[in-house]
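Derivation of every value follows stated rules applied to the coordinates shown; laboratory data play no part. Remember, it's a predicted structure, so these values are computed and weren't measured experimentally. Neighbour counts run over all protein chains shown; Cβ positions are idealised from the backbone, glycine included.
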Amino acid sequence: MTGGLKMTSIYTSGRYLEMNRTWHTEDSPWKAEQIRRLIQRNGLRPKCVGEIGCGAGVILDELSKQACFQDVLFDGYDISPQAIELAQRISSERIHFFCEDLLAETNVKRFDLLLAIDVFEHVPDYLGFLKKCREKAQYKIYHVPLDIHVSSVLRNAFIKGRYTIGHLHYFTADSALATLKDSGHEILDYAYTNAAMELFTKHPSIKKAVANVPRWLFSQLSVRFTARLFGGYSLLVLAE
């Protein structure tokens, strides 16, 4: 069995849930808010929204509660039966979840907007994955962790995520945007998101508090430079 297949199996075997008991749901309201801002900033009015790699489904649930999305239908897809079992608890008339591969040739479903939030860094063939995502909706929103920065390279820290949260690929902002362009996407808008500081109270530690001091100071001058130097950021991208 190849390494890629082994990594894929952690999502279907229950291993990922064992390592990440909450399936990161504590961060989902914050992620949903970043998505809402990007959608409204660009004047999008989707009627049907899909999410690939939806996990426990809380991002879609949070979006469905927003007044601006009260007429929107949401579908969440994940290959993990454990994730979909969690998500089914919050399904409703407007939110449905499926333990299916949305990108399978037999799946003809399309959306106005497709979300892939912290997903393609987990996929062995990430370029093939993105090319298929491009055909599933007119607009796509990707959230990409920026694991490569000066601090992570010096400490070799980014490799830890390979075994704890399943990151197979590592990106800077520039390489993430280049990857999307190489897979046929047109970049319409993007924004840096700052989980390190904005979610600190949910994941507090002395180490993180110390790291956030220079991160905050440098961010007053340049967020782009701060992300390259200290990390703690992801990139939220709207593409067509």
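The table below gives the values:
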quantity	calculated
Cα-based equivalent ellipsoid of the chain: semi-axis lengths in Å, sorted from largest, via gyration tensor	27, 21, 19
Debye, to nearest 20: dipole size of the chain, +1 on Lys, Arg Cβ, -1 on Asp, Glu Cβ	660 debye
Convex hull of Cα atoms in region 103-240, direction-averaged projection (nm²)	9.0 nm²
R0 of 51 Å, Cβ-Cβ distance Gln70-Ile159: FRET efficiency to nearest 0.05	0.75
Sequence-distant aspartates and glutamates (8 or more away, or on other chains) whose Cα lies within less than 17 Å of Lys202	Glu26, Asp27, Glu33
Length-normalised contact order for region 80-173 - Cα pairs under 8 Å, 6+ apart - percent	25 percent
Surrounding net charge for Lys202, when Lys and Arg each add one and Asp and Glu each subtract one, Cβ distance under 13 Å	-1
Charged-residue dipole, Cβ positions (Lys, Arg, Asp, Glu), region 1-121 about Cα centre, Debye nearest 20	280 debye
Choice from Cys54, Cys99, Cys133 showing the highest fluctuation, given a GNM over the chain with Cα pairs closer than 10 Å	Cys99
Of Lys160, Lys202, Lys31, the one that fluctuates the most in a GNM where the chain has Cα springs shorter than 10 Å	Lys202
Radius 12 Å from Cβ of Ser234, net charge of other residues (Lys, Arg +1; Asp, Glu -1)	-4
Estimated inter-spin distance, Ser9 and Lys207, nm [label 7 Å along Cα→Cβ]	3.0 nm
Cβ-based charge dipole, region 36-184, positive-most Cα from Leu102, Leu113, Gln88	Leu113
